[in-house]
Amino acid sequence: MTIFEPAVFGALQLSNRVVMAPLTRTRADDDGVPTEPMVEYYRQRAGQGLIISEGTWPAAEGKSYSGQPGIVTPEQIAGWRPVTDAVHEDGGTIVMQLMHGGRVSHPAISGETRVVAPSALAAPGQTHTPVGKVDMPVAHALTLDEIPMVVEQFAQAARNAIEAGFDGVEVHGANGYLVQEFLSPVSNVRDDQYGGSPENRARFAIEVTRAVAEAVGADRTGIRLSPQHNIQGVLEEDGDDALATYLAVAEGLAPLGLAFVDILNAAPTSELVQRIRRTLGAPLIINSGFASPTTRAEAEMLVSEGWADAVAAGRPVIANPDLVERWREDAELNEPRPALFYGRTAEGYTDYPSLESVRADA
């Protein structure tokens, strides 16, 4: 098996096994509506076997960054439709990542009066708001009555994503945002059925993903996990506890028959990653490139040796819209421009040259 072979993940048809990782780019308008440059950005990258969209908020309280898109209002749903149409017209498959930021937000960003989390704790450090850098606020701890409401926000957002033309959805359970905040014993200090034991801390992730699967079909649903990624104050430093927690998540999700599980981890062949994979029983997309970009050699090894069913790449796809073609031909790659990863303009977003244009200018 090679990264250039097609694959079927549930109801999702992949033309190859190179996946565009979810990438925050902050190009939506102030109301969270996708913009015209976003249509071109995703169209350019339709050659990847699967596109996972940037993290998109399922509720205003879940908005983490200015310029981040939502999937709540009719205008947002309508704004995403040209994006999905463009990807489909160019033969691609695209799923939406549903990202509730939890305590990684601020009222000056979301326009809401609070940020929410499993526990009344602030994320460490500061965040950028329209009025400058500010400390992260202490979160409101979700009550037992409020948790089902948040779960339903995810489910409704998933329905909205399908209405907007997406082929499926991915629950963002990684990178220190709300779902992972419940998983960590450091960010979750509850003493009810959602806290304490690994099984209790896994409960919210299972409930959210089950609700999404019931809303749009398990064969169109995936989840992203980043076990022991240890960022944004969501620490999982006890290896035994992390293994128990993520196996509890995997055991809870296994009966659903998900389309895929997407794992961000620097050690993709580790016992932790592979046990999650075996227990959950869904196709595995692996992304090992948070600290350093994923290379073609690593991607080929992980798929050909059976460690993963597909490999997600981030920065290489930002800089090389036609990454699959470049990897297939072993062609030179464009270098990414990190200073332009986030912004509101097309510069550093849709202006990376294609291989075809580079050769035409040579």
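The values are calculated or read from the model by the stated rules, or taken from the named source; none is laboratory data. All values derive from a computational prediction rather than experimental measurement. Reconstructed Cβ throughout: ideal geometry from the backbone, glycine too, with neighbour counts over all protein chains shown. Remember, those area values only see protein heavy atoms, side chains included, never the ligands or the DNA or RNA. Shrake-Rupley method; radii C 1.70, N 1.55, O 1.52, S 1.80 Å.
Taking segment 51-172 on its own, what percent of its Cα-Cα pair distances exceed 17 Å? So the portion of pairs separated by more than 17 Å is 57 percent.
Radius of gyration over Kirkwood radius for the chain, both on Cα atoms: the Rg/Rh ratio is 0.94.
Based on Cα contacts under 8 Å between residues 6+ apart, the chain shows a relative contact order of 17 percent. Name the residue farthest towards the positive end of the dipole of the chain from the options Ala157, Ile231, Val18, assuming +1 on Cβ of Lys and Arg, -1 on Cβ of Asp and Glu, about the Cα centre. The one lying farthest along the dipole's positive direction is Ile231. Taking the accessible area of segment 4-119, probe 1.4 Å, and keeping the other protein chains in place, the carbon and sulfur fraction comes to 50%. Distance between the C-alpha centres of segment 33-63 and segment 246-269: 23 Å, rounded to the whole angstrom. In this structure the chain gives 37 Å² per residue of accessible area when probed at 1.4 Å with all protein chains present.
Dividing the mean sequence gap of close Cα pairs (under 8 Å, 6+ apart) by how many residues segment 1-68 holds gives a relative contact order of 36 percent.
Within segment 43-189, DSSP assigns beta bridges of which about 30% are antiparallel (rounded to the nearest 5). Think of each Lys and Arg Cβ as +1 and each Asp and Glu Cβ as -1; about the Cα centre, that makes the dipole of the chain roughly 180 debye. If both residues of a DSSP beta bridge must be in the chain, then about 20% of such bridges are antiparallel.
Within segment 217-358, all pairs of alpha-carbon atoms sorted by distance into 5 Å bins from zero give the percentages 2, 9, 17, 17, 17, 15, 11, 8, 3, 1, 0.
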